[in-house]
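Quick notes on the structure that follows.
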Ligand SMILES: Cc1cc2nc3c(=O)[nH]c(=O)nc-3n(C[C@H](O)[C@H](O)[C@H](O)COP(=O)(O)OP(=O)(O)OC[C@H]3O[C@@H](n4cnc5c(N)ncnc54)[C@H](O)[C@@H]3O)c2cc1C
């Protein structure tokens, strides 16, 4: 399918355009050859597993090599301010992600930092943590979990029970986090806790090396994605230095939202890229696959599936770029004010893109018939990931509740 025309709407900046060209070159010259090499050995299943349910070692190795090669090329953290990254805004990052996810979920996606990669939270790591840990992290050699959710605290995150208490000049951390991305393999975790005696919204974030005594990894929690990347982390009287605090004691909640807003904002480029991939493949398949003496695309029912996919893709793209350009102007990830309007925009982007991608992936499978359900086709993997997206970083119900609440508050304050 022809590439979109950047001369209208919300074009990338010159730096973004340059990075996009660089991403295209990297994918062709390095990322795809790396994926193909692994696929030749273990088959076309990017989410192969070990017997204990972890993502297969060969895939973790591919992920790390992809991250490192991309970091070497200067492309792993485009969203972070220089010198940690390229200093690109959300619109520019959208185009990069879209280009990357156009290649489906075979492993190319690991070239750009995801939720286990560097986020704006690194700007709040202590000088000691940055000195000791940041180099490897930015270079893609390590990964970091963001550990907020607990068995008793999901949407209602402030119900968390993980506690921290002072012991001389150290901290003692206790608690159980579950459904944590990267738990089976990350080296570090950004753990959200409450200091003993602090109020409900007064949280503190700690950077915890997973090899610290008292930290236990596992078990793997196998989700609908069957990707072996989600699991439990347990902290049993884990002793940490003061430099483990991220930001300031009691100031963890704004950091939580910085991370969550980053995750929400990124659904635009990811979903648009995956939808583009599904549509591209489905339109091509509908033109080649014949039934009853004709290409299946000639049948009205199949043609309608394709046009519905196209409508969803264009709508998610236009909506995302419109919202992201507003969020860039407000500098929401760089410390700008995140008011009711920005929160509503983030919820709108996440909800629309997550739900639209699920519809697109479902239709792509349908157009492909039985082949659409084969793991080797790669479309059912996108469908399972899309189904997952409606839960993490705030469920679709929570997003809708936020949208409705912000609308209600506007109407409540309107004069009679
Ligand atoms: C694959 C995966 C990866 C994840 N990765 C991470 C991670 O890296 N770090 C991390 O901290 N967490 C992570 N999570 C956890 C995720 O953020 C939570 O699952 C999510 O916030 C929902 O919490 P819950 O599962 O406890 O559901 P609950 O909060 O118990 O919700 C259950 C149902 O009730 C609804 N509900 C709850 N409250 C309301 C309300 N006020 N209004 C309307 N409906 C409501 C929900 O929408 C949902 O339908 C991950 C989850 C998954 C599945």
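The values are calculated or read from the model by the stated rules, or taken from the named source; none is laboratory data. In this text, all values refer to a predicted model and were calculated from it rather than measured experimentally. Note: ideal-geometry Cβ built from the backbone for every residue, glycine included; neighbour counts use all protein chains shown.
The table below gives the values:
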quantity: Filter result for residue 169 (surrounded by fewer than 21 Cβ atoms within 10 Å (Cβ to Cβ), farther than 26 Å from residue 83 by Cα and at pLDDT below 95); calculated: yes
quantity: Some residue of region 366-377 being at pLDDT 95 or above, away from the ligand (no atom under 15 Å from the Cβ), part of a helix (DSSP H, G or I) and surrounded by 18 or more Cβ atoms within 10 Å (Cβ to Cβ); calculated: yes
quantity: Residue identified as closer than 26 Å to residue 166 by Cα and within 14 Å of the ligand (Cβ to nearest atom) among 189, 244; calculated: 189
quantity: Residue list for region 138-169, restricted to those being closer than 22 Å to residue 65 by Cβ, outside any loop (DSSP other than H, G, I, E, B) and more than 16 Å from the ligand (Cβ to nearest atom); calculated: 138
quantity: Lone qualifier among 404, 386 - being within 20 Å of the chain's Cα centre (by Cα) and assigned to a helix (DSSP H, G or I); calculated: 386
quantity: Which numbered condition residue 234 fails, given (1) within 16 Å of the ligand (Cβ to nearest atom); (2) within 30 Å of residue 52 (Cα to Cα); (3) surrounded by 20 or more Cβ atoms within 10 Å (Cβ to Cβ); calculated: (3)
quantity: Complete set of residues in region 123-141 that are without any contact (Cβ under 8 Å) to a residue 60 or more places away in the chain and either assigned by TED's automatic domain parsing to the domain that holds residue 61 or surrounded by fewer than 20 Cβ atoms within 10 Å (Cβ to Cβ) (or both); calculated: 123, 130, 131, 132, 134, 135, 136
quantity: Neighbours by Cβ (under 6 Å, 6+ apart or cross-chain): first from region 168-189, over 18 Å from residue 149 (Cβ atoms); second more than 13 Å from the ligand (Cβ to nearest atom) and part of a loop (DSSP other than H, G, I, E, B); calculated: 187/142; 187/210
quantity: Helices (runs of 4 or more DSSP H) wholly inside region 2-118 containing at least 2 residues that are under 30 Å from residue 372 (Cβ atoms) and at pLDDT below 95; calculated: 32-42, 57-72
quantity: Hits in region 313-341 - residues which are in contact with a helix residue (DSSP H, G or I) (Cβ under 6 Å, 6 or more places away or on another chain), touching a residue at least 60 places away in the same chain (Cβ under 8 Å) and surrounded by fewer than 19 Cβ atoms within 10 Å (Cβ to Cβ); calculated: 325, 340
quantity: Condition met for residue 74 (within 16 Å of the ligand (Cβ to nearest atom) and surrounded by fewer than 22 Cβ atoms within 10 Å (Cβ to Cβ)); calculated: no
quantity: So residue 147, is it more than 23 Å from residue 34 (Cβ to Cβ), surrounded by 20 or more Cβ atoms within 10 Å (Cβ to Cβ) and in contact (Cβ under 8 Å) with a residue 12 or more places away in the chain; calculated: yes
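Conditions (1) within 12 Å of the ligand (Cβ to nearest atom); (2) over 23 Å from the mean Cα position of the chain (by Cα), marked per residue:
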site: 134; (1), (2): no, no
site: 173; (1), (2): no, yes
site: 183; (1), (2): yes, no
site: 197; (1), (2): no, yes
site: 210; (1), (2): no, no
site: 217; (1), (2): no, no
site: 222; (1), (2): yes, no
site: 228; (1), (2): yes, no
